[in-house]
Amino acid sequence: MIAPQLGWPLPRVFAHRCGGALAPENTLAGLRIAARLGVRAVEFDVMLSADGSPWLLHDETLLRTTDGFGRVGETHDAQLRCLDAGAHQHPAFAGEPVPTLESAAFACRQLGLLANVEIKPAAGFEALAGEVVARRVRALWSGEDLPLVSSFSATALAAARAAVPELPLGCLYERPPSDWLARVRQFRAVTLHCDAAFVDDELLREARDGGIPVLCYTVNDPSIAAALCRRGVAAVFSDRIDCLVDE
Ligand code: G3P
Ligand code: MG
């Protein structure tokens, strides 16, 4: 399926947080594993450091996924560069760095991976994160298929749209609001992303009629992925890219 303005055929499976459960989340090791398994698209989360630079991190704090601590938005690039983002998952991944958006873009291009960049703004920095990530994405993927950029934050999406008018955007919700299609139109978004628990047939009918592909997270069971696909879901984000086959 090709979404209008997306420009690339949407794969049925996106590796969640780079390599799903097979590698530490949001790492280059995850990208390498995803590519090795034949996955064609990856999703990862991007947050700004204290210097306003985009890094692949999911949480507002460093403790869960690195050997650092404190708030990402209060940590400088020089400190982030020294952190280990792999050892918490398994000693085999010790030394795995926290990737910059730049290093992830380079790896995606080298490995031939399509990307969904999810903007994760720290509270209070939504507009800045939207603008910075959008501009960096456009520059880093220059001449290539632009990634799909999504966010739970309407403020971040609006800022991304204003900064880069041609950027493919996805509206991301846990449970889509009843006026989701109007919001998609408002942002000139090309996809709807939501928790798989909250897709119902009415939403899927509305999406089909409106020409908007629906992408669901996080789907790890192949039979559930197949059932969602039969019902009209275009793609799933998965931690079990070793189980899900992108046909
Ligand atoms: O973008 C889909 C999914 O990644 C959203 O949830 O918390 O895993 O970033 P989360
Ligand atoms: Mg995410």
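In whole Hz and in residue order, list the ³J(HN,Hα) couplings for the stretch 134-139 that follow from phi through the Karplus curve 6.51 cos²θ - 1.76 cosθ + 1.60, θ = phi - 60°; x for Gly and Pro.
4, 5, 5, 4, 4, 5
Scan the stretch 1-85 for GluC sites (Glu not before Pro) in coil per DSSP, keeping those whose Cβ has at most 16 other Cβ atoms within 10 Å, and list them by number. Walk me through the intermediate numbers first.
Values: sites: E25, E43, E60, E74; in loops: E25, E60.
Taking the stretch 1-85 and a limit of 16 other Cβ atoms within 10 Å, the loop GluC sites (Glu not before Pro) found are E60.
Give, in whole angstrom and from largest to smallest, the semi-axes √(5λ) of the equivalent ellipsoid of the stretch 1-48, with λ running over the eigenvalues of the Cα gyration tensor.
On the way: eigenvalues 88, 38, 10 Å².
Calculated on Cα positions only, the semi-axes equal 21, 14, 7 Å.
Cut-off 10 angstrom, C-alpha nodes, Gaussian network model of the chain. Which of R161, R36, R188 fluctuates the most?
Comparing R161, R36, R188 in the GNM, the peak value goes to R36.
Rounded to the nearest 5, what % of the DSSP beta bridges within the stretch 21-151 are antiparallel ones? Provide the component values of the computation, followed by the final result.
Values: 6 of 16 bridges.
Among the beta bridges of the stretch 21-151, antiparallel pairing accounts for roughly 40 percent.
To the nearest 20 Debye, how big is the dipole of the stretch 158-234 about its Cα centre, given +1 on the beta carbon of each Lys and Arg and -1 on that of each Asp and Glu? Don't jump to the answer; show the numbers that get you there.
Working: 9 positive and 10 negative charges, 48 e Å.
About 240 debye.
Per residue and in cubic angstrom, what volume does the convex hull of the Cα atoms of the stretch 17-144 have?
Working: hull volume 11.4 nm³, N = 128.
Convex hull of Cα atoms, per residue: 89 Å³.
Counting other Cβ atoms within 10 Å, which chymotrypsin sites (Phe, Trp or Tyr not before Pro) in the stretch 1-107 have at most 16 and lie in a DSSP loop? Present the calculation step by step, with values, prior to reporting the outcome.
Working: sites: F14, F44, W55, F69, F93, F106; in loops: F69.
Of the chymotrypsin sites (Phe, Trp or Tyr not before Pro), the ones in loops of the stretch 1-107 whose Cβ has at most 16 other Cβ atoms within 10 Å are F69.
Taking only C-alpha pairs under 8 Å that are 6+ residues apart, what is the relative contact order of the chain in percent?
20 percent
Under Stokes-Einstein, with the Kirkwood radius over Cα pairs standing in for Rh, what whole-number D in µm²/s applies to the chain at 25 °C and 0.890 mPa s? Numbers along the way, then the final one.
Numbers: Rh = 17.9 Å.
The estimated diffusion coefficient comes to 137 µm²/s.
When the C-alpha atoms of the stretch 42-111 are aligned to their principal axes, what extent does each axis show, in angstrom, from largest down?
Result for the stretch 42-111: principal-axis Cα extents of 32, 30, 20 Å.
Take the alpha-carbon positions of the stretch 136-247, form their convex hull, and give its projected area averaged over all directions (one quarter of the hull surface) in nm².
It is 7.6 nm².
Ranking request for peptides 146-152, 112-118: highest mean number of other beta-carbon atoms within 10 Å first, then the rest in descending order. Please list the in-between numbers first.
Values: 146-152: 25.3, 112-118: 22.7.
Ranking, from highest mean packing down: 146-152, 112-118.
Would you mind computing Rg(Cα) / (2.2 N^0.38 Å) for the stretch 97-178, counting N as its residues?
Details: Rg = 12.6 Å, N = 82, 2.2 N^0.38 = 11.7 Å.
Relative to the 2.2 N^0.38 Å estimate, the stretch 97-178 comes out at 1.08.
Give the angle, between 0 and 90 degrees and rounded to the nearest 10, that separates the Cα long axis of helix 154-163 from the longest principal axis of the Cα atoms of the chain.
The answer is roughly 90 degrees.
All of the numbers you see were taken from the coordinates with simple rules; none came from a lab. Computed from a predicted model, the values in this text were never measured in an experiment. Note that each Cβ is placed from the backbone with ideal geometry, even for glycine, and that neighbours are counted across all protein chains shown.
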